[in-house]
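Some notes on the structure that comes next.
The values are calculated or read from the model by the stated rules, or taken from the named source; none is laboratory data. On a predicted model such as this, the values are computed, not experimentally measured, just so you know. All Cβ positions, even for glycine, are placed from backbone atoms using ideal geometry, and neighbour counts span all protein chains on display.
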């Protein structure tokens, strides 16, 4: 009960501060604005050149591709914003008041984590809803119920995983200035790791490899595989398989590491293991500090 109460406290704190909500969503607005104004036509032209012909509805392919990467942003940035409160509570000595209560430290840790996951999940679903509306408004189709369920499941796993990673980093921050620095780095890297600013295939081999082995790029690829399945089948139906394979690799839809293409199952397992490692590390840190 204490965990639920503390979780509710964090959620209410997040919702009551419009500036905090807007800050956690800032990267989504920036990327969306860039594509709406500039990058969309650049990517469409690049994809048309790769295919060697002017394909009808290539704009829909790129919009679905952007949506797959865009969902990664709130999945990381919103939980990170909720976890700000952990640093604020330390800096403002509020945490000391918590620790003199009968509640165990694990109650507060779980409260932070659960509130981060719930808010991250909800805001990512909002991003998915808005993205779908934008695609439909531009001549596309809504995703099928089965596809939506797959996307939601991937989102849930991704948020659980990266909340653990973010929380692990947050545990070492003791000032608001360090929090600002980490947030800036995270929000910048998310767009690159999700392949939103430039396709992953356009990077140098070394940087491309580093990006591919990080779970966020893999989750973005899996989301794109699911979201783009129908539109790729429709728009690229007359495209040779070799060109289609090259397109998927260049745009980070398929992740190939050392000549091995990661399957959906492998990506999910990697993401779960990634998150589990950091949650176990959190438990170890809490137990050590308690002693």
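If you go through region 33-68 one residue at a time, how many are in a helix (DSSP H, G or I) and in contact with a helix residue (DSSP H, G or I) (Cβ under 7 Å, 6 or more places away or on another chain)?
As a first pass, look at region 33-68 and keep what is in a helix (DSSP H, G or I): 33-51, 58-68.
Of the ones still in play, those that are also in contact with a helix residue (DSSP H, G or I) (Cβ under 7 Å, 6 or more places away or on another chain) are 35, 40, 43-44, 47-48, 50-51, 58-68.
Total satisfying the criteria: 19.
Return the only residue of 46, 69 being within 22 Å of residue 255 (Cα to Cα) and crowded, with 24+ Cβ neighbours inside 10 Å. Explain how you work it out, then say what you get.
Details: 46 fails: crowded, with 24+ Cβ neighbours inside 10 Å.
Of 46, 69, the one residue that is within 22 Å of residue 255 (Cα to Cα) and crowded, with 24+ Cβ neighbours inside 10 Å is 69.
Can you spot a residue in region 130-139 that is over 13 Å from residue 70 (Cβ atoms), touching a helix residue (DSSP H, G or I) at 6+ places or on another chain (Cβ under 9 Å) and at pLDDT below 90?
yes
Table: residues versus (1) touching a residue at least 24 places away in the same chain (Cβ under 8 Å); (2) under 16 Å from residue 72 (Cα atoms).
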| position | (1), (2) |
| --- | --- |
| 217 | yes, yes |
| 228 | yes, yes |
| 232 | yes, no |
| 235 | yes, no |
| 250 | yes, no |
| 253 | yes, yes |
| 258 | no, no |
| 264 | yes, no |
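Report, by residue number, each residue of region 142-152 that is in contact with a helix residue (DSSP H, G or I) (Cβ under 9 Å, 6 or more places away or on another chain) and free of Cβ contacts under 8 Å to residues at least 24 places away in the same chain. It would help to see each step written out before you state the result.
Here is the first cut: in region 142-152, the residues in contact with a helix residue (DSSP H, G or I) (Cβ under 9 Å, 6 or more places away or on another chain) are 142-144, 147-148, 150-152.
142, 148, listed by residue number.
Is region 159-177 home to any residue that is under 23 Å from residue 261 (Cα atoms), touching a residue at least 40 places away in the same chain (Cβ under 8 Å), in contact with a helix residue (DSSP H, G or I) (Cβ under 9 Å, 6 or more places away or on another chain) and surrounded by 18 or more Cβ atoms within 10 Å (Cβ to Cβ)? First the steps, then the outcome.
So in region 159-177, the residues under 23 Å from residue 261 (Cα atoms) come out as 161-162.
Narrowing further to those that are touching a residue at least 40 places away in the same chain (Cβ under 8 Å): 161-162.
Next cut, in contact with a helix residue (DSSP H, G or I) (Cβ under 9 Å, 6 or more places away or on another chain) only: 161-162.
Pick out the ones that are also surrounded by 18 or more Cβ atoms within 10 Å (Cβ to Cβ) and you get 161-162.
Checking region 159-177: at least one residue is under 23 Å from residue 261 (Cα atoms), touching a residue at least 40 places away in the same chain (Cβ under 8 Å), in contact with a helix residue (DSSP H, G or I) (Cβ under 9 Å, 6 or more places away or on another chain) and surrounded by 18 or more Cβ atoms within 10 Å (Cβ to Cβ).
Among the residues in region 236-246, are any buried (at least 20 other Cβ atoms within 10 Å of the Cβ), touching a helix residue (DSSP H, G or I) at 6+ places or on another chain (Cβ under 9 Å) and assigned to a helix (DSSP H, G or I)?
No, every residue in region 236-246 fails to be buried (at least 20 other Cβ atoms within 10 Å of the Cβ), touching a helix residue (DSSP H, G or I) at 6+ places or on another chain (Cβ under 9 Å) and assigned to a helix (DSSP H, G or I).
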